[in-house]
1. What number of residues in segment 288-301 are within 16 Å of the ligand (Cβ to nearest atom) and either touching a strand residue (DSSP E or B) at 6+ places or on another chain (Cβ under 6 Å) or modelled with pLDDT of 90 or more (or both)?
2. Filter segment 40-63 down to the residues that are assigned to a helix (DSSP H, G or I), of a type outside the set (D, E, K, R) and either open to solvent by 20 Å² or more (accessible area, probe 1.4 Å) or out of contact with any Leu (no Cβ under 9 Å at 6 or more places or on another chain) (or both) and list them by number.
3. Looking at GLU701, GLU672, which one is open to solvent by 10 Å² or more (accessible area, probe 1.4 Å) and assigned to a loop (DSSP other than H, G, I, E, B)?
4. Out of all the residues in segment 457-487, which are within 16 Å of the ligand (Cβ to nearest atom) and either part of a helix (DSSP H, G or I) or of a type in the set (S, T, N, Q) (or both)?
5. Which of the residues belonging to segment 438-450 are touching a Leu at 6+ places or on another chain (Cβ under 9 Å) and either part of a helix (DSSP H, G or I) or open to solvent by 30 Å² or more (accessible area, probe 1.4 Å) (or both)?
6. Suppose the filter is closer than 30 Å to ARG639 by Cα, part of a helix (DSSP H, G or I), of a type in the set (A, V, I, L, M, F, W, C) and touching a helix residue (DSSP H, G or I) at 6+ places or on another chain (Cβ under 7 Å); does VAL787 pass it?
7. Are any of the residues in segment 315-334 farther than 30 Å from THR377 by Cβ, at pLDDT 95 or above, crowded, with 17+ Cβ neighbours inside 10 Å and among the polar types (S, T, N, Q)?
8. Output yes when any residue across segment 186-196 is farther than 19 Å from ILE401 by Cα, of a type in the set (Lys, Arg) and open to solvent by less than 60 Å² (accessible area, probe 1.4 Å), and no when none is.
Amino acid sequence: MTERSGNDLASSAVGTGENTRTGTTAGAIRQAVLDNLHYVQGRTPALATRNDWYMAVAFTVRDHMLDRFIRSLARLADPTVKIASYLSAEFLMGPHLGNNLLCLGITEQTREAVKALGQDLDDLLDQEEEPGLGNGGLGRLAACYLDSLASLNVPAIGYGIRYEFGIFDQEIRDGWQTEKTDKWLRLGNPWEICRPEIAYTVQFGGHTEQYHDDEGRFRVRWVPNRVVKGIAYDTPVPAYRDDTVDLLRLWKSEAVESFDFEAFNVGNYYKAVDEKILSETVSKVLYPNDEPEVGKTLRMAQQYFFVSCSLQDMISIQRLRKKDLDSFHESFAVQLNDTHPSVAVAELMRLLVDEHCMDWDRAWTITQKTMAYTNHTLLPEALEKWPLVLFRRTLPRHLEIIYEINRRFLDEVRQRFPGDDECASRLSIIDESGEKFVRMAHIAAVGSHHINGVAALHSDLLTKTVLKDLYGMYPERFTNVTNGVTPRRWVALSNPGLAGLITGAVGDKWIKHFEDEIGRIEPLVKDRGFRDAWAKVKRGNKERLAALIKERTGVAIDPDSLFDVQVKRIHEYKRQHLNVLHIITLYNRIKRDPRQDIVPRAFIFGGKAAPGYFMAKQIIKLINSVAEVVNNDPDVAGRLKVAFFPDFNVKNAHSIYPAADLSEQISTAGKEASGTGNMKFSMNGALTIGTMDGANVEIREAVGPENFFLFGLTAEEVLDLRAKGYAPRSFYESNANLGEAIDQIRSGHFSRGDKALFAPLVNTLLNNDQFLLLADYQAYIDCQDRVSAAYRDRESWVRMSVLNVARMGKFSSDRSIREYCEKIWNIEPLKK
Ligand code: NBG
């Protein structure tokens with residue numbers, strides 16, 4: 001923690017004049033870029049590559065943040081300040097340069113500066129390889145929350161893992177997804193500061209021993225068989241136009257010593273190196289989700305690794321504050337982002353009891369007052385549980401602690417529900433129904449003071465389904481915080497046209513105070529000139545996306561067509577294949593009557609499938625197969641186009657959301673916890689076609705039902721239908737258009753006659769259809785027809801588009817973070 005003592009070193013050098021390293025005029029920035037090119041990159045302008053220029057600009061921008069960063073870090077040592085610690089196995093930050101320029105307010109000066117150096121800022125922005133340290137919504141939510149924490153001046157640390165390889169890069173070959181390793185660190189990462197002195201050891205495996213210490217106290221000693229070191233890598237997270245720069249601290253694993261000297265001395269050089277490789281493996285690679293969990297010792301090791309480093313770090317900050325551990329919970333509010341960090345409950349107990357000699361009851365009170373848990377899924381199969389055998393082998397001491405927590409917890413349960421053994425076994429942290437497992441949601445819930453879902457419907461369903469028994473036990477702990485997204489990245493940065501239009505009309509306060517300010521554009525919906533400008537912005541965004549799609553996929557789409565977009569992870573519950581059934585239905589209508597007047601549509605898909613998720617990969621192949629037929633059929637005459645945009649990530653998302661007319665949010669009701677893409681689309685003026693699922697419900701309420709295309713079964717109806725016995729085949733048999741579409745897929749119509757190709761997908765739909773595509777098919781088609789009809793009236797469509805944006809205030813992540821502060825963390829932002 002030594003860096004915090006020298007925190008006032010840099011401040012004197014900072015100013016806005018021409019001659020300092022952090023001056024904000026174009027001239028000063030130009031000079032700073034040249035200096036960084038020279039002193040950091042070691043290059044002359046003549047020999048500099050595009051990456052050299054990117055690095056020089058990035059270092060310049062980083063220099064601009066450092067003074068405030070250092071001051072914000074110093075604040076962490078102030079004992080009166082409570083810190084929000086956001087523990088997350090994923091942070092999907094997206095490219096930093098553009099966002100940091102925006103937050104600092106120096107984009108235009110920098111553009112001018114690099115232009116004077118013969119560079120184009122957009123090219124340099126494009127050069128940045130984004131850190132893909134997350135799978136999808138959960139990791140991106142964590143990134144939006146860091147942005148809002150900083151912008152609301154909440155002292156905060158995001159703790160996670162510095163994966164060497166993030167989410168794979170996706171390529172499409174012959175219609176199939178192929179995965180390539182994401183080498184994001186290849187050309188260096190100018191945004192992080194490595195802190196080799198902030199390092200903690202983390203133990204694994206071995207066994208435990210009981211003994212009595214010198215003072216006669218009963219103690220447990222953990223004798224591990226493997227030790228690794230976690231090194232801190234710090235990334236500054238700036239507030240939008242404000243002083244706070246919060247901290248993202250990611251841990252990289254290393255061998256404790258570069259060599260195991262004993263092995264080295266006895267001549268076993270390779271064993272020594274092996275050990276090092278093993279240690280470095282811990283933070284090597286991000287796991288894609290939706291993969292079967294079994295046998296993933298490494299994944300469990302990753303979770304424990306970053307949790308242990310983070311808690312040890314908090315304890316050392318507490319020491320720096322000269323406070324003892326009795327008041328740990330007054331210094332830190334720890335938020336567990338899903339169950340991935342939930343071993344924190346047992347680890348904090350171990351640190352307090354074993355390492356700091358605190359008595360159990362006191363330690364338990366502190367732990368419970370510190371932790372809070374957010375659940376992000378209703379899919380029972382996605383709730384993490386670790387095989388007991390694996391757990392014992394990796395974390396023997398933690399298993400003992402969990403047994404003790406469980407013993408005390410089950411005593412409470414039996415008191416509350418006497419004689420109900422069933423209930424006790426359902427609630428137990430240990431699942432003993434077959435092979436034994438540790439239920440991570442249970443350990444998280446038992447050890448936390450609050451448990452929240454991520455949208456109103458989701459929080460409600462949690463208490464009725466996957467966490468029902470826990471709710472029965474601790475109803476007062478349950479609450480809701482609906483997700484939000486940052487308007488900085490998702491509107492101001494990625495949609496400059498729209499941002500400029502809004503700012504021109506109502507000023508720029510909406511960027512910092514979206515919740516209160518964005519509604520001010522609502523009256524302008526009546527202003528013809530404003531609406532025309534609005535339509536023009538959308539049209540420009542669509543042209544740019546069309547060009548990008550042409551470049552990436554070869555598919556030419558018409559910017560005048562309705563851009564119908566579904567971008568998100570590929571999953572059966574998200575029902576990308578329902579969207580495909582609609583495309584096939586429209587295609588068949590055209591084939592029956594090629595001259596009919598239809599609203600031209602471009603169907604744009606994007607998203608990654610987990611490498612081991614066979615059905616999701618089939619869906620990608622299906623989209624591309626249908627695309628091949630539809631895009632090349634002369635009868636269609638370009639009125640329908642289908643494109644799969646490869647490698648959907650944050651950077652690509654910047655170009656996609658602003659260009660969408662229609663946002664597809666069509667998950668089976670009750671399956672999507674919240675969704676956050678739905679919010680990004682709507683904030684960029686797309687209208688939504690969606691089910692009553694996740695945050696769709698609240699978006700519809702906010703924008704008005706007349707500005708939202710709703711269809712499909714409700715969560716309750718889904719349950720009813722399933723209970724009554726759902727027979728997908730009856731829908732297939734009784735609906736001619738649906739039957740035709742499915743038969744075409746089955747017969748090889750879209751796969752050059754290959755009947756076997758989509759057999760697994762078709763069979764799943766006909767025999768099981770867990771996600772009720774067939775039941776929702778007709779409602780979806782009818783609703784899409786309403787969409788097309790609405791799109792014909794462009795004036796009215798633009799009005800709805802404006803109203804969608806104007807009424808999205810609630811979905812700013814600033815609102816979410818304020819709720820976490822008030823309802824869960826008991827933290828007051830430092831200044832409003
Ligand atoms: C995802 C949900 C989304 C939700 C995000 C963020 C997981 C486990 N859950 O619906 O599927 O928007 O979390 O809360 O990734």
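1. Qualifying residue count for the region: 1.
2. Step one: of segment 40-63, the residues assigned to a helix (DSSP H, G or I) are 50-63.
Subsequent filtering for residues that are of a type outside the set (D, E, K, R) retains 51, 53-61.
Listed by number, the residues that qualify are ASN51, PHE59, THR60.
3. On inspection, the qualifying residue turns out to be GLU672.
4. Residues satisfying the conditions are LEU457, HIS458, SER459, ASP460, LEU461, LEU462, THR465, THR479, ASN480, THR482, ASN483, THR486.
5. Matches in segment 438-450: ARG439, MET440, ALA441, HIS442, ALA444, ALA445, VAL446.
6. no
7. Taking every residue of segment 315-334 in turn, at least one turns out to be farther than 30 Å from THR377 by Cβ, at pLDDT 95 or above, crowded, with 17+ Cβ neighbours inside 10 Å and among the polar types (S, T, N, Q).
8. First pass over segment 186-196, keeping only residues farther than 19 Å from ILE401 by Cα: 186-196.
From what's left, of a type in the set (Lys, Arg): 186, 195.
Checking the rest, the ones that are also open to solvent by less than 60 Å² (accessible area, probe 1.4 Å) come to 195.
Yes - at least one qualifying residue is present in segment 186-196.
The values are calculated or read from the model by the stated rules, or taken from the named source; none is laboratory data. Treat the numbers as computed from the prediction; the structure is a model and nothing was measured. No Cβ is skipped: glycine too gets one built from the backbone with ideal geometry, and neighbour counts run over all protein chains shown. Only protein heavy atoms, including side chains, enter the accessible area calculation; ligands, DNA and RNA are left aside. Shrake-Rupley method; radii C 1.70, N 1.55, O 1.52, S 1.80 Å.
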